Amino acid sequence: MLAAWPGGSWQDTVWLGVALLVAYGVVLWLSALVWVYRDIKSRTNDLVSQLVSVFLALIFNLPGLLLYLILRPQETLSEAYERALEAEAMLQELERLETCPSCRRRIEDSYLLCPYCRTRLRQACTECGRALSFGWVACPYCGTERVPVTAAEAAGSPAQSMPSAAGSSTPARRVRASAEGGSALGGRTSGLPANTEPLS
């Protein structure tokens, strides 16, 4: 019966099993050690944290591995970098969103005036009609010199007022002249006989 044991005796079989268990434990220990080192390397650049994590796995093996899983950083360096990029992109997007200086509501870059409080925000280019900032000297789209708002209004107001004044005075003069002519004609025809027609 003892000859049926592998190796010829049960003691040899026990030693073989113990050797296999030890080999399995060593492989498991080395695997945990390598995994901890690679994992902590991808999560932090702090040398002290890396040494402490490897020391836990080296000395305590599986209990050290469980303790490392509890104490390790929650995200890797790549995940932290991607999160920082997303946060920076959101901040840049918020900075690009302009607000009205009067009512503090969101506006777009192409608005000439605020649609909520009608505050004038930009000036339209006299050539291409694009929105120009008040601090610009020329239009960056067509190269036309930007005319200041006050000068443009001062130059445009007399030209707009002259036709209206001329147009309003001409009918008044015509009405006045026709009224005077009618009264004079009426005065001349009133002295004639009834059966006499005035000469044309």
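Computed from the coordinates by the stated procedures, all read-outs in this text should not be read as laboratory data. What you see is a predicted model; the values in this text were computed from it and never measured.
Descriptive notes on the structure:
- Computed log10 I(q)/I(0) for the range 2-74 at 0.11, 0.15, 0.18, 0.27 Å⁻¹: -0.41, -0.56, -0.67, -1.12, from the Debye equation with unit scatterers placed on every C-alpha and solvent omitted.
- Given their separation in residues at 0.36 nm each and the Cα-Cα distance between them, residue 21 and residue 119 gain 27.1 nm when the chain is fully extended.
- Calculation over all alpha carbon pairs of the range 88-145 in 5 angstrom steps from 0 returns a P(r) of 4, 19, 23, 19, 17, 14, 4, 1 percent.
- With one equal scatterer per alpha carbon and no solvent term, the Debye-computed log10 I(q)/I(0) for the range 1-128 at 0.18 1/Å reads -0.99.
- The alpha carbon centroids of the range 62-95 and the range 98-118 are separated by 38 Å.
- Potential lengthening of the chain between residue 90 and residue 144 amounts to 15.9 nm, from the contour at 0.36 nm per residue minus the alpha-carbon distance.
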